[in-house]
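The values are calculated or read from the model by the stated rules, or taken from the named source; none is laboratory data. Nothing here was measured: the structure is a model prediction, and the numbers come from that model. Glycine also receives a Cβ, built like all others from the backbone with ideal geometry; neighbour counts cover every protein chain displayed.
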Amino acid sequence: MTTYKLTYFDMDGGRAEPVRIAFHAAGIEFEDHRIAFPEFMEMRGSTRFSSVPVLEIDGKAVTQTNGMCRYIGRMAGLYPKDDLQALYCDEALGAIEELLHRIVPTFGLEGDELKAAREKLADGWISTFVKGLGELLERGGDYFADNRFTVADMKVAFVMQWFKSGQLDHIPTDLVERLSPALSAHADRTMNEPVVKAYYAARSQ
Ligand SMILES: N[C@@H](CCC(=O)N[C@@H](CS)C(=O)NCC(=O)O)C(=O)O
């Protein structure tokens, strides 16, 4: 039997979360290896691109969460079979990945420097991506692709929930709602998707 070990930070969220949920939806057992930051710093140099998540399949490491979303998503029935719908799904996955890379450089900042950088982001790249993702959702309808729930819905919604939560200092919690009410509603709806609810119900047991 194939073995899967997914290494990521010990948080319910972040890049690994759609992959964890896809594993659960597919009914595939995996080792959910959750690490603390000091442990990450120790292992960082030994990861391929100095980052997590790392997924080991039969002991062989792969990186890049969008690829993992597609691979496990296919097994879970959460990735479109149709090529055009798959492209729509990938566009949303890729956009979120690009947006995250624009946010990460602000993580080490503090005080006024952090405030200035985050305000610039909120008015700039975050607004650009929220509006663009709103357009992608408009194209898809209730979902980003295939007229149904896919890994793209999870990847986008979890980041929108992060913005809405106030955890990201200086990013207004109403920004998503102001720029794209549909995207904001989609993020809330996603938390009630049966696939997502089933995962958290199982996790809380
Ligand atoms: N494109 C990669 C990005 C991975 C990534 O940047 N992961 C973050 C955590 S969410 C990380 O390990 N950052 C550590 C660092 O940059 O030092 C993916 O999708 O897996």
Can you tell me how many residues within the range 1-58 are surrounded by 12 or more Cβ atoms within 10 Å (Cβ to Cβ) and over 18 Å from Tyr200 (Cβ atoms)? 17
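Could you tell me whether any residue of the range 112-128 is at pLDDT 95 or above, under 16 Å from the mean Cα position of the chain (by Cα) and away from the ligand (no atom under 13 Å from the Cβ)? Before the answer, list the steps.
Looking only at the range 112-128, we keep the residues that are at pLDDT 95 or above, and these are 112-128.
From what is left, the residues that are under 16 Å from the mean Cα position of the chain (by Cα) are 126.
Filter again for away from the ligand (no atom under 13 Å from the Cβ), leaving 126.
Within the range 112-128, one or more residues are at pLDDT 95 or above, under 16 Å from the mean Cα position of the chain (by Cα) and away from the ligand (no atom under 13 Å from the Cβ).
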Which of the numbered conditions does Ala145 fail, given that it passes all the others? Conditions: (1) in contact (Cβ under 8 Å) with a residue 60 or more places away in the chain; (2) over 30 Å from Met75 (Cα atoms); (3) among the aliphatic types (A, V, I, L, M). (2)
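Looking only at the range 1-40, which residues are assigned to a helix (DSSP H, G or I), within 11 Å of the ligand (Cβ to nearest atom) and closer than 17 Å to Thr63 by Cα? Even if it seems obvious, please write down each step before you answer.
Going residue by residue through the range 1-40, those that are assigned to a helix (DSSP H, G or I) are 17-26, 37-40.
This time we only want the ones that are within 11 Å of the ligand (Cβ to nearest atom), so: 17-19, 37, 40.
Once the filter is applied, which keeps residues that are assigned to a helix (DSSP H, G or I), within 11 Å of the ligand (Cβ to nearest atom) and closer than 17 Å to Thr63 by Cα, the range 1-40 yields Glu17, Pro18, Val19, Phe40.
Residues to consider are Glu98, Glu138; find the one that is assigned to a helix (DSSP H, G or I), in contact (Cβ under 8 Å) with a residue 24 or more places away in the chain, loosely packed, with under 13 Cβ neighbours inside 10 Å and under 15 Å from the mean Cα position of the chain (by Cα). Break it down into steps so the answer makes sense when it comes.
Values: Glu138 fails: under 15 Å from the mean Cα position of the chain (by Cα).
Unique residue meeting the criteria: Glu98.
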Residue, farthest from the ligand (Cβ to nearest atom), within the range 76-95, restricted to residues that are among the acidic types (Asp, Glu) and surrounded by fewer than 14 Cβ atoms within 10 Å (Cβ to Cβ): Asp82
When both residues are 6+ apart or on different chains and their Cβ atoms are under 9 Å apart, which pairs have a first residue that lies in the range 45-59 and is on the phi > 0 side of the Ramachandran plot, and a second that is modelled with pLDDT of 95 or more and within 9 Å of the ligand (Cβ to nearest atom)? Ser50/Arg44
Reported set for the range 106-129 where residues are out of contact with any Phe, Trp or Tyr (no Cβ under 8 Å at 6 or more places or on another chain) and closer than 24 Å to Val19 by Cβ is Phe107, Phe129
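Can you name the residue in the range 147-177 that is in a loop (DSSP other than H, G, I, E, B) and of a type in the set (Val, Ile, Thr) and is also surrounded by the most Cβ atoms within 10 Å (Cβ to Cβ) among such residues? Lay out the reasoning, then the answer.
We begin by selecting, within the range 147-177, every residue in a loop (DSSP other than H, G, I, E, B); these are 147, 149-150, 166-174.
Going one step further and asking which of them are of a type in the set (Val, Ile, Thr), we end up with 150, 171, 173.
Values: Thr150: 30, Ile171: 20, Thr173: 12.
Checked the range 147-177; the qualifying residue surrounded by the most Cβ atoms within 10 Å (Cβ to Cβ) is Thr150.
If I go through the range 45-75 residue by residue, how many of them are of a type in the set (Phe, Trp, Tyr) and either more than 20 Å from the chain's Cα centre (by Cα) or within 11 Å of the ligand (Cβ to nearest atom) (or both)?
So in the range 45-75, the residues of a type in the set (Phe, Trp, Tyr) come out as 49, 71.
The next check asks that each one be either more than 20 Å from the chain's Cα centre (by Cα) or within 11 Å of the ligand (Cβ to nearest atom) (or both); those that pass are 49.
Final tally of qualifying residues: 1.
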